[in-house]
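Before any comments, here is the structure.
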Amino acid sequence: MSRFFSKRFASLEAYTPGEQPQDQQYVKLNTNESPYPPSPHTRAAVSDGELAALNLYPDPTGTRLRKTLAAHYGVKPENVLLANGSDEVLSFAFMAFCDAETPVAFPDISYGFYPVYAALYGLEAQEIPLRDDFSVNVDAFCAARGMCVLANPNAPTGMALPLSEIERILASDANRVVLVDEAYVDFGTQTALPLLERYENLLIVRTYSKSRSMAGARLGFALGSETLIRDLETIRFSTNPYNLNRLTLLLGEAAIADDAYYAENCEKIAQTREATAARLQALGFTLTPSMANFLFAKHPAISGEALYRGLKARGVLVRHFEKPRIADYVRITIGTPEQMNALFTAVEDILKGDAPCAAQP
Ligand SMILES: *Cc1c(COP(=O)(O)O)cnc(C)c1O
C-alpha cells in the first residue's frame, strides 16, 4: 500500500479471482464458466458494421436489451437494471441499500465478493454460519438486520433454498432489501421471479457468465421493483452510465433470442454434473447436493490443498478455498464429458499415490 492510498482502505482485502492462466493450456474447471461457446447466432450479432460504430457511445439506458429481457422474464423494462457483470450489480446494491445504520447479512460460506464489498463500503457485515450440513439458517436471516444477501443456489456448495424459505425472509421485514443472487439458477433451481409481484424488497441478480457462455462479455442484470431499480439507476448514473459497451449490449439481445441453445447446454451440464457426482462418489468422495454447474467434493484420503495441487500438476485446474470450514473441499466446475474424463484420469492417478507429474519421456 502506498503513502497515497486513502486511509479508509488501509485494511481492505481485495477479492481474489480464480486463476486465469494466459500461458499454459489447462483443463479449466476452476471458475464456473460454460465449457460451450456462445451460439453462432449470438456471435453473428457483432458485425463489421457494429465494430465500425465503436466511435460512438453506447445507449446509456440500454433500452433495447432491457425491453428484450423484460419480455423474456415477464416484467417491465423499469424492472430491469443492466450491469457490467453481476459483480457490478452487487457493488451497486451494497452501495445503494446499506450504510453505517444499515448493515448487510450473508452466509459465512458463500460468494467471496460479498465480504469484499461490505469492507469496501465500510459496512457492518453479519456472517451468518451455515449449519453443519451447509444448509442456510433461514431463521437467523429473518432475525438479522439490514440487507440480506443469499446466493441461490449457494456457492461454493451448490445447495438450493426452496422459494418458501426465500419468501419467509422477504416477509420477515418488508423494509429491508433481500438480494437473491441467481448466478446458477439456470442449472435446475427454482427462480424467485414469481415473488417479484408481491415483494417490493426483492432484488434478483443474474449473470450471462455461467449459463449463457459469456463470462468474457461481462453482462449481468438485476430484476426488481421499480423502486429498487430506480435507486440502482441513480447509483449507476453516478458511477458509469456507459457501463455496458455496444458489443455486449448486442450480444445480450442475440443470446436471449437464442435461449433454446443455452437451455439445452444447461441441460447437458446438469446431466454431466449428475454423472460426475456418481463417479466421484464411487471413488470415495463426499459431495454436497449441488444444483449448480459445479461440484463441491472432499476425499478422506487427501486434503483439499493436496488434491488441488495434484490436479494442477496434471493439467487440471479446480478451485480450493483456504477457509476453515471448507479447506477439505475442492470446487470442480462441470465441463464437457471429455473434460470430465481428463479430470478422472488425473484423480485416479492421484488416489493411486503416484508421484505428481510423472517425468515426461
Ligand atoms: C460468478 C458469480 C458472480 C459474478 O458473475 P459475473 O456476472 O461474471 O460478474 C456473482 N455471484 C455469484 C454467486 C457467482 O458465482
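Within the range 92-113, being farther than 12 Å from residue 147 by Cα, among the hydrophobic types (A, V, I, L, M, F, W, C) and within 11 Å of the ligand (Cβ to nearest atom) holds for one residue alone: 113. Return yes or no: is residue 168 surrounded by fewer than 20 Cβ atoms within 10 Å (Cβ to Cβ), outside any loop (DSSP other than H, G, I, E, B), modelled with pLDDT of 95 or more and more than 16 Å from the ligand (Cβ to nearest atom)? Here the answer is yes, as residue 168 does meet what is asked. Which members of the range 118-154 meet the condition of being within 16 Å of the ligand (Cβ to nearest atom) and crowded, with 23+ Cβ neighbours inside 10 Å? Result: 136, 147, 148, 149, 150, 151, 152, 153, 154. Taking the range 238-250 as the search range and keeping residues that are out of contact with any Leu (no Cβ under 7 Å at 6 or more places or on another chain) and surrounded by 17 or more Cβ atoms within 10 Å (Cβ to Cβ), which one is nearest to residue 50 (Cα to Cα)? Among residues in the range 238-250 that are out of contact with any Leu (no Cβ under 7 Å at 6 or more places or on another chain) and surrounded by 17 or more Cβ atoms within 10 Å (Cβ to Cβ), the one nearest to residue 50 (Cα to Cα) is 250.
I'd like the full set of residues that are surrounded by fewer than 18 Cβ atoms within 10 Å (Cβ to Cβ) and assigned to a loop (DSSP other than H, G, I, E, B), limited to the range 171-183.
173, 174, 175
Filtering the range 28-50 to residues that are part of a helix (DSSP H, G or I), surrounded by fewer than 12 Cβ atoms within 10 Å (Cβ to Cβ) and among the hydroxyl-bearing types (Ser, Thr, Tyr) leaves nothing. Please enumerate the residues belonging to the range 94-127 that are closer than 21 Å to residue 244 by Cα and under 15 Å from the mean Cα position of the chain (by Cα). 113, 117, listed by residue number. Restricting the range 150-165 to residues that are in a helix (DSSP H, G or I) and of a type outside the set (Ser, Thr, Tyr) leaves a set whose member that is farthest from the chain's Cα centre (by Cα) is 165.
So which residues in the range 184-211 are under 23 Å from residue 61 (Cα atoms) and within 10 Å of the ligand (Cβ to nearest atom), if there are any at all? 205, 206, 207, 208, 209, listed by residue number. For the range 214-234, the set of residues classified as away from the ligand (no atom under 12 Å from the Cβ) and either among the polar types (S, T, N, Q) or in a loop (DSSP other than H, G, I, E, B) (or both) consists of 225, 227, 234, listed by residue number.
If you go through the range 51-80 and keep only what is in a helix (DSSP H, G or I) and either at pLDDT below 95 or of a type in the set (Val, Ile, Thr) (or both), you end up with 63, 68.
For the condition within 15 Å of the ligand (Cβ to nearest atom), farther than 30 Å from residue 125 by Cα, touching a Lys or Arg at 6+ places or on another chain (Cβ under 7 Å) and of a type outside the set (Phe, Trp, Tyr), residue 34 qualifies.
Search the range 112-168 for residues being of a type in the set (Val, Ile, Thr) and without any contact (Cβ under 8 Å) to a residue 40 or more places away in the chain, and hand back the single one that is nearest to residue 287 (Cα to Cα). Per the criteria, the residue is 136. Does residue 186 satisfy being part of a helix (DSSP H, G or I) and closer than 19 Å to residue 117 by Cβ? Taking the combined requirement at face value, the residue does not satisfy it. Selection of helices (runs of 4 or more DSSP H) fully inside the range 239-313 by the criterion of at least 2 residues being in contact with a Ser or Thr (Cβ under 8 Å, 6 or more places away or on another chain) returns 246-257, 259-282. When the range 62-91 is limited to residues that are of a type in the set (Ser, Thr, Tyr) and under 14 Å from the mean Cα position of the chain (by Cα), the one that is farthest from the ligand (Cβ to nearest atom) turns out to be 91.
The values are calculated or read from the model by the stated rules, or taken from the named source; none is laboratory data. From a predicted model like this one, the values you see are computed outputs, not experimental measurements. Neighbour counts are summed over all protein chains in view; Cβ atoms, including those assigned to glycine, are modelled from backbone coordinates with ideal geometry.
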